[in-house]
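Below is one structure; the comments refer to it alone.
The values are calculated or read from the model by the stated rules, or taken from the named source; none is laboratory data. Note that this is a predicted model, so its numbers are computed, not measured. For neighbour counting, all protein chains shown are included, and Cβ atoms are generated from backbone atoms with ideal geometry for every residue, glycine included. Surface areas here come from the heavy atoms of the whole protein model, side chains and all, with no ligands, DNA or RNA. Shrake-Rupley method; radii C 1.70, N 1.55, O 1.52, S 1.80 Å.
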Amino acid sequence: MNKPKIMVVEDDKKLRRLLELELQHAGYEVVSYEEGFEAIENFGTDKPDLVILDIMLPDTSGYEVATELRKLSPDVLILMLTALGMKKDKLTGFESGADDYLTKPFDTEELLARIRALLRRKHISISKPLVVGKLEIYENERRVIYRGREVELSKTEFDLLLYLAKNSNRVVSKEEILNSVWGIDYYGSDNTVEVYVNYIRKKLSPEVIKTYRGLGYKLVEENDETSN
């Protein structure tokens, strides 16, 4: 499966390098440029799925670049980055063709979340899902689909569900879950596992995780009868 490709257009060398590393680590293919005209010139060859575009560029404005890129590809996704925070600047960005807008300084996790949300509009995924019954888990994107509906999970809920999914062929003990999800240095009660299992059941279904008393938990494949 081809990785989604992201073009970064940012003149700040340190920030550009940081974005390259973070995006590559998140599973994307990355090309980057310092100047807007260079990005426009190489756009047809690179064919990115999404462009992260700084507004303040040394040779032209991000607004102009966005307008030109939109002419070259009406479907390309454009996420603007800028130190500007005024409402009129955001409106100008959207009018020039931006799909989303993030003001510097920004949190990397928020940036990645916005990228995932934009790519979902085009039905582009980083990886194939781990499927257990009616459940689809996209590990790299930290995204969960249950019975065709996207479900928001906390970090710990997601990590626990993912671990159970990867071990869905067997019953997993509370001790093993604590060591693997919370870490061997965790000194809390093993009731923590039960609490988070119940959190997941409430968000998905009471039947999705089966309890084996005295042994542990197992993620099960539901059929339509058990979930009704």
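Any chance the stretch 40-51 includes a residue that's without any contact (Cβ under 8 Å) to a residue 60 or more places away in the chain, under 20 Å from LEU119 (Cβ atoms), basic (Lys, Arg) and open to solvent by 80 Å² or more (accessible area, probe 1.4 Å)?
In the first step, residues of the stretch 40-51 are kept if they are without any contact (Cβ under 8 Å) to a residue 60 or more places away in the chain; the result is 40-48, 51.
Subset that is under 20 Å from LEU119 (Cβ atoms): 43, 46-48, 51.
Going one step further and asking which of them are basic (Lys, Arg), we end up with 47.
After this cut, where a residue has to be open to solvent by 80 Å² or more (accessible area, probe 1.4 Å) as well, the list is 47.
Checked against the condition, which is being without any contact (Cβ under 8 Å) to a residue 60 or more places away in the chain, under 20 Å from LEU119 (Cβ atoms), basic (Lys, Arg) and open to solvent by 80 Å² or more (accessible area, probe 1.4 Å), the stretch 40-51 yields at least one hit.
Tallying residues that are hydrophobic (A, V, I, L, M, F, W, C) and in contact (Cβ under 8 Å) with a residue 40 or more places away in the chain within the stretch 133-143 yields 1. Of the residues in the stretch 22-30, not one is surrounded by fewer than 23 Cβ atoms within 10 Å (Cβ to Cβ), outside any loop (DSSP other than H, G, I, E, B), at pLDDT below 95 and among the aromatic types (Phe, Trp, Tyr). Do we find that GLU109 is open to solvent by 70 Å² or more (accessible area, probe 1.4 Å) and acidic (Asp, Glu) in this structure? When the stated conditions are applied, GLU109 passes them.
Against the condition modelled with pLDDT under 90 and of a type in the set (A, V, I, L, M), how does ALA165 come out, does it pass? Even if it seems obvious, please write down each step before you answer.
Numbers: modelled with pLDDT under 90: no; of a type in the set (A, V, I, L, M): yes.
Against the criterion (modelled with pLDDT under 90 and of a type in the set (A, V, I, L, M)), ALA165 does not qualify.
Could you check the stretch 118-139 and list, in sequence order, the residues that are modelled with pLDDT under 90 and open to solvent by less than 40 Å² (accessible area, probe 1.4 Å)? Of everything in the stretch 118-139, those that are modelled with pLDDT under 90 and open to solvent by less than 40 Å² (accessible area, probe 1.4 Å) turn out to be LEU118, LEU119, ILE124, SER125, ILE126, SER127, TYR138.
If you go through the stretch 156-180 one residue at a time, how many are open to solvent by 40 Å² or more (accessible area, probe 1.4 Å) and free of Cβ contacts under 8 Å to residues at least 40 places away in the same chain? Final tally of qualifying residues: 6. Every test in (1) at pLDDT 90 or above; (2) open to solvent by 60 Å² or more (accessible area, probe 1.4 Å) is passed by ILE184 save one, and that test is (1).
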